[in-house]
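Asks: Structure in structure tokens, see below.
The values are calculated or read from the model by the stated rules, or taken from the named source; none is laboratory data. All figures in this text were calculated on a predicted structure; none of them were measured in a lab. Every residue, glycine as well, gets a Cβ built from its backbone with ideal geometry; the counts of neighbours run over all protein chains shown. To get the accessible areas, we keep the full protein, side chains included, count just its heavy atoms, and leave off ligands, DNA and RNA. Shrake-Rupley method; radii C 1.70, N 1.55, O 1.52, S 1.80 Å.
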Amino acid sequence: SDHENPTRLVIVPKSNRVDTDAVMAHLFATTDLERNYRVNMNVIGLDGRPQVKDLKTMLSEWLTYRTETVRRRLQHRLDKVLARLHILEGLLVAFLNIDEVIEIIRREDEPKPVLMQRFGISDTQAEAILELKLRHLAKLEEMK
């Protein structure tokens, strides 16, 4: 049988005098009702050392590994989103004070520290504002 076509065998002895345990032992020995596989479960565990593990330990370590992997992946995504939100907060400050930002960029030789000091933004936010092209800022000013 398989997962799509399950098969159920019902074995009914013809009389009560038949030893059912002996019949089952004979069936297990001569057919594929019971099959043994030898497995060498010598693996490198979570502690980084190779050793032979039983099935329960193997499954529990695999679940621990998968949980930690998913947690790290989600934390990485969260960190990327938070970094992007941090930059967008700085861009919002620049957008709300677009005239002054354009004036600082045009007037100053080193506008980054001036922007950071004037608006209280971080180094990353100031860098993102300065990476915007001046004509984009000018267009925003015209639209405003």
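Asks: What FRET efficiency comes out for the pair GLU34/VAL70, r = Cβ-Cβ distance, R0 = 25 Å, nearest 0.05?
Replies: Working: r = 37 Å, r/R0 = 1.48.
According to the calculation, E is roughly 0.10.
Asks: When the dipole is taken about the Cα centre of the stretch 1-57, and only Lys, Arg (+1) and Asp, Glu (-1) are charged at their Cβ, what size is it in debye, to the nearest 20? Mind dumping the intermediate values first?
Replies: Numbers: 8 positive and 8 negative charges, 25 e Å.
The dipole of the stretch 1-57 has a size of about 120 debye.
Asks: Give, rounded to the nearest 20 debye, the magnitude of the charge dipole that the chain has about its Cα centre when Lys and Arg contribute +1 at Cβ and Asp and Glu contribute -1 at Cβ.
Replies: The calculation lands at about 520 debye.
Asks: To test your reading of the geometry: what angle, between 0 and 90 degrees and rounded to tens, separates the Cα axis of helix 134-143 from the longest principal axis of the chain?
Replies: Between helix and principal axis, roughly 80 degrees.
Asks: Net charge near MET116: determine it from the other residues with C-beta under 12 Å of the C-beta of MET116, scoring Lys and Arg +1 and Asp and Glu -1. Present the calculation step by step, with values, prior to reporting the outcome.
Replies: Numbers: positive: LYS112, ARG118; negative: GLU108, GLU110, ASP123, GLU127.
Cβ neighbours under 12 Å give a net charge of -2.
Asks: Which one, GLN75, VAL93, ILE105, is farthest towards the positive end of the dipole of the chain when Lys and Arg carry +1 and Asp and Glu -1 on their Cβ?
Replies: Comparing the listed Cα positions along the dipole, GLN75 ranks first.
Asks: Next question. Express the accessible area of the stretch 44-113 per residue in Å², computed with a 1.4 Å probe while the remaining protein chains stay in the model. Can you show the working numbers first?
Replies: Numbers: 5580 Å² over 70 residues.
On a per-residue basis, 80 Å².
Asks: Please report, in debye to the nearest 20, how large the charge dipole of the stretch 84-135 is about its Cα centre when each Lys and Arg carries +1 at its beta carbon and each Asp and Glu carries -1 there. Could the numbers behind the result be given before it?
Replies: Numbers: 7 positive and 10 negative charges, 34 e Å.
About 160 debye.
Asks: Moving on. When all alpha-carbon pairs of the chain are counted, what percent fall beyond 19 Å? All intermediate terms of the calculation are to be shown ahead of the outcome.
Replies: Details: 7574 of 10296 pairs.
Value for the chain: 74 percent of Cα pairs lie more than 19 Å apart.
Asks: Using +1 at the C-beta of Lys and Arg and -1 at the C-beta of Asp and Glu, which of ALA22, VAL39, THR64 has the Cα lying farthest in the positive direction of the dipole of the chain?
Replies: Going by the charge dipole, the pick is ALA22.
Asks: So, one more: For the chain, what does the helix formula give at 222 nm: sum of -39500 (n - 2.57) over DSSP H segments with n ≥ 4, over the residue count, nearest 500 deg cm²/dmol?
Replies: Working: 6 runs with 91 residues, N = 144.
Calculated from helices alone, the mean residue ellipticity at 222 nm is -20500 deg cm²/dmol.
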